[in-house]
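Working notes for the structure below.
Laboratory data are not the source of any read-out in this text; all were calculated from the coordinates shown. Remember, predicted model here, so these are calculated numbers, not experimental data. When we count neighbours, we look across all protein chains shown, and the Cβ atoms used for this are built from the backbone with ideal geometry, even at glycine.
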Amino acid sequence: MSGPAAVRPQPFEGGDLATFDALWSALAPIGRDPHTGGYRRIGFSAAVRACEAWFVAEASQRDLVVERDGNGNLLAWWRPEPERVDHGVITGSHLDSVPDGGAYDGALGVASALAAVDVLRQRGVRPARPLGIAVFAEEEGSRFGVACLGSKLMTGAIDPARAVVLHDAEGARLADVVDDGYGQAFGAGRQLGPSLELLRQPIAYVELHIEQGRGLADLGAPIGLASTIWAHGRWRFRFAGEGNHAGTTRMADRRDPMLTYAMTALAANKRARLAEAEAGGDGARATFGRVEVEPNAANAVPTAVTGCLDARAPTTDAVQRLVDDIHRQARDRAVRDGTTLTVTAESVTPAVDFDPGLRHRLAARLAARFGDVPVLATQAGHDAGILATAGVPTAMIFVRNPTGVSHSPAEHAEPDDCRAGVLALADALEELLVR
């Protein structure tokens with residue numbers, strides 16, 4: 001990780017940023033829970049449809065041509081030369097959130113991309129190639145359990161036959177909701193599955209995103225660039241036992257899956273902390289963040305408990321070792337408790353190294369405005385990682401998060417840092433569009 005320059009140039013030269021403030025003000029209220037302050041923009045929900053309608057309206061005001069594939073992904077094109085349709089540059093992010101999530105995760109990248117187009121036009125930039133702004137569907141995986149679902153379907157990283165039968169907690173199938181709210185607009189009615197042709201063989205994808213950690217805050221830098229994405233995935237641990245009466249069943253007679261689950265959650269925490277200590281402070285993450293209990297009654301020993309393990313580590317081998325260790329400890333505990341265990345991998349993404357040539361090129365361009373731009377690894381998954389794995393040269397620009405809090409109503413970025421991000425993105429896109 002490189003450090004920031006001692007003296008930074010003034011970041012707010014080179015474009016009127018009032019349009020970003022207007023874009024953000026219009027987007028920010030959509031899907032916000034008035035009681036918690038968090039966002040409930042769950043994939044393909046009414047709130048997400050409202051966000052997408054905002055995006056389509058803003059794109060249309062800028063004379064951008066909006067297209068949509070059969071997976072719910074949107075792409076708005078700026079084509080100064082309409083006959084030029086291939087080998088463009090793509091930017092953008094996503095508009096969905098985790099339940100009660102923050103305002104900036106994903107949405108900042110979409111709003112900044114629209115504002116960056118305004119900045120480029122104010123500068124008089126005439127692109128030599130097309131620019132597309134992408135909005136990827138169901139990035140968080142909060143509804144159908146697969147992170148980056150839209151970009152994975154687009155690139156063929158997930159089998160459409162598996163995706164077509166995915167269902168949410170209420171039983172709604174992905175295949176039945178992906179077109180809801182669109183009728184025949186933007187290509188609705190297409191089948192789920194690979195649609196990379198929508199991107200028109202891009203020379204690069206650049207995603208702006210709020211940093212989901214404190215790296216930039218600790219360095220005193222408003223923006224940074226990504227080096228890698230840690231390997232990560234989700235595994236479903238289902239513990240089955242014997243349901244019984246909470247009052248009449250002796251402790252010695254129980255086959256309680258909640259006990260096995262609880263000990264597994266503790267073991268996962270211990271194993272990840274050990275890996276972190278062995279790596280000198282940044283080695284692994286293990287989190288059980290979603291739990292389902294059957295029958296979920298206060299006076300009953302559960303019949304089954306299902307926990308979703310989110311596991312992350314710097315390398316693909318390291319995350320697999322972590323999950324294998326947790327699985328082994330869970331299996332051993334299940335034998336002692338008289339319960340059974342089934343583990344299913346829901347979503348597994350290998351570690352991703354972003355294109356170093358593209359990163360160095362953008363770092364050199366951004367240095368004129370920001371000085372030495374820090375380079376950081378990220379532990380969070382992104383659509384950028386899916387496109388990079390599919391062979392698209394990819395880079396990420398991070399905007400400082402003063403507290404490091406993310407996936408929470410407390411997620412925040414200062415207005416000046418957001419505006420700096422818009423200028424950084426505009427500079428990066430100009431570098432790629434005119435040279």
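So for each of 216-223, 95-102 I average, over its residues, the number of other beta carbons within 10 Å; can you give me the resulting order with the highest mean first? All intermediate terms of the calculation are to be shown ahead of the outcome.
Details: 216-223: 19.2, 95-102: 24.0.
So the order, starting with the most tightly packed, is 95-102, 216-223.
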Q) So which trypsin sites (Lys or Arg not before Pro) in segment 222-302 end up in coil per DSSP with only 13 or fewer other C-beta atoms within 10 Å? A) Arg250
Q. Given H placed on each backbone N at 1.01 Å, which residues far from Ala204 in sequence or on other chains put an amide H within less than 5 Å of it?
A. Ile90
**Q.** Selection from Ala265, Trp235, Ala297, by position along the positive dipole direction of segment 231-349 (Cβ)
**A.** Ala297
Q. Cβ under 12 Å from Tyr39's Cβ, Tyr39 left aside: what net charge do those residues give with Lys, Arg +1 and Asp, Glu -1?
A. -3
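Compute the FRET efficiency between Ala57 and His245 as 1/(1 + (r/R0)^6), taking r as their Cβ-Cβ distance and R0 = 56 Å, and round to the nearest 0.05. List each step's numbers first, then the result.
Working: r = 57 Å, r/R0 = 1.02.
With a Förster radius of 56 Å, E is 0.45.
For the chain, what is the charge dipole size about the Cα centre, in debye to the nearest 20, if Lys and Arg each add +1 at the Cβ and Asp and Glu each add -1 at the Cβ? Please list the in-between numbers first.
Working: 44 positive and 55 negative charges, 132 e Å.
Once rounded to the nearest 20, the dipole reads 640 debye.
If we count other beta carbons within 10 Å of each Cβ, what is the order of Thr249, Thr315, fewest first?
Thr315, Thr249
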Q: Tell me the GluC sites (Glu not before Pro) within segment 276-356 that lie in a loop according to DSSP and have at most 15 other beta-carbon atoms within 10 Å.
A: none
Q. Using a Gaussian network for the chain with springs between C-alpha atoms less than 10 Å apart, which of these wobbles most: Arg369, Arg40, Arg84?
A. Arg84
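Would you mind working out the magnitude of the charge dipole of segment 231-349 relative to its Cα centre, with +1 at each Lys and Arg C-beta and -1 at each Asp and Glu C-beta, to the nearest 20 Debye?
Numbers: 17 positive and 15 negative charges, 23 e Å.
Computed about the Cα centre, the dipole is about 100 debye.
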Q: Note the angle between two axes, namely the Cα long axis of helix 316-337 and the longest principal axis of the Cα atoms of the chain, as a number of degrees from 0 to 90, rounded to the nearest 10.
A: 20 degrees
